[in-house]
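Chemist: Encoded as structure tokens, here's the structure I'll be asking about.
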Amino acid sequence: MPNPRLAGRYAKSLVDLAIERNELETIYKDMQFLQSVCKSSPEFVNVMRSPIIKADKKQNILSAITNGKVSDLTASFNKLLINKTREEYLPEIITAAIALYNEIKGIHKVKLTTATVLSQELKDSIIGKMKAETTLKNIELETEVKEELIGGFVLEFDNNLVDASIAKELRDIKKQFSDNIYIHKLR
């Protein structure tokens, strides 16, 4: 069960310690690595969340995956999570730590969903347009392809949603036809 408060606290502790030790960039890279492990391997996440698997086995698995690939601070943090039986929240803690890093560095995540794959030139153009039209200066663009949009795009940033897709326009037209105001006036 997700626990954003707990994830936020552990992530803040890790980021604060990283700032104190001047290792913020290292921790960020470690969190990106662990996030890629969690996204690419649902089995790993299931092992970390399993109440049946003993803590020492989880520690061995996590150490085998991260050995030599993460800093000592991250390795110690992972051990702490397992000792405190908080390893099931590892994906949420990772996400919260990356969000804290982005907040500290002033990086804004922008998600762009289109019906087809975009060229790098078009992505750069969209980032430039967003920088010009908004107060966002550091933008990290995440792209996704969903063919059901038919055409156009959906842009998400800072709890804002801009839906300029053909699918949305078709839904709006369908709603207009189903709520035909002229039929009521004829009666």
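The values are calculated or read from the model by the stated rules, or taken from the named source; none is laboratory data. Everything quoted here is computed from the prediction, not taken from an experiment. Cβ: placed from backbone, ideal geometry, glycine included. Neighbour counts: every protein chain shown. Surface areas here come from the heavy atoms of the whole protein model, side chains and all, with no ligands, DNA or RNA. Shrake-Rupley method; radii C 1.70, N 1.55, O 1.52, S 1.80 Å.
Chemist: Going from most exposed to least, what order do 145, 15 have by accessible area with a 1.4 Å probe?
Modeler: Ranked list, largest accessible area first: 145, 15.
Chemist: Have a look at 135, 76, 52 and report the one farthest towards the positive end of the charge dipole of the chain, computed about the Cα centre with Cβ charges (Lys/Arg +1, Asp/Glu -1).
Modeler: 52
Chemist: Then there is this: Accessible area, 1.4 Å probe, largest first: how do 129, 39 sort?
Modeler: The ordering from most to least exposed comes out as 39, 129.
Chemist: Kindly report the accessible area of the chain per residue (heavy atoms of protein chains, probe 1.4 Å, no ligands, DNA or RNA), in Å².
Modeler: Roughly 67 Å² per residue, with all protein chains present.
Chemist: Something else: What share of the DSSP beta bridges in the chain is antiparallel, in percent to the nearest 5?
Modeler: Of those bridges, close to 60 percent are antiparallel.
Chemist: Rounded to the nearest Å, what's the spacing between the alpha carbon centres of the range 126-157 and the range 1-72? Just the number, please.
Modeler: Going from one Cα centre to the other spans 29 Å.
Chemist: For a quick check: with amide H placed at 1.01 Å from N, whose amide H comes under 5 Å from residue 115's, ignoring anything fewer than 5 positions away on the same chain?
Modeler: Long-range HN contacts for residue 115: 146, 152.
Chemist: Just how large is the dipole of the chain about the Cα centre, in debye to the nearest 20, putting +1 at every Lys and Arg Cβ and -1 at every Asp and Glu Cβ?
Modeler: Result for the chain is approximately 540 debye, rounded to the nearest 20.
Chemist: Now, a different point. How high is the relative contact order of the chain, in percent, with contacts defined as C-alpha pairs under 8 Å that are six or more residues apart?
Modeler: With pairs under 8 Å counted, the relative contact order is 21 percent.
Chemist: Let me ask something else about it. For the chain, take the longest principal axis of its alpha carbons; what is the angle in degrees between that and the long axis of helix 166-178, to the nearest 10 within 0 to 90?
Modeler: Once rounded, one gets 50 degrees.
Chemist: Calculated from DSSP H runs of 4 or more alone, at -39500 (n - 2.57) each and per residue, what is the 222 nm mean residue ellipticity of the chain, nearest 500? Walk me through the intermediate numbers first.
Modeler: Working: 9 runs with 115 residues, N = 187.
Here the helix-only value at 222 nm equals -19500 deg cm²/dmol.
Chemist: Taking a probe of 1.4 angstrom, what is the accessible area of residue 147 in Å², to the nearest 10?
Modeler: 150 Å²
Chemist: What order do you get for 163-175, 97-109 when each peptide is scored by the mean count of other beta carbon atoms within 10 Å, highest first?
Modeler: 97-109, 163-175
Chemist: If you bin every alpha carbon distance in the range 96-158 into 5 Å steps from zero, what whole percent lands in each bin?
Modeler: Calculated over all Cα pairs of the range 96-158, the distribution is 4, 17, 26, 22, 17, 10, 4, 0 percent.
Chemist: Run the accessible area of the range 46-187 with a 1.4 Å probe and give the carbon-and-sulfur part as a rounded percent.
Modeler: Working: 5150 of 9630 Å².
In the range 46-187, the share of accessible area belonging to carbon and sulfur is 53 percent.
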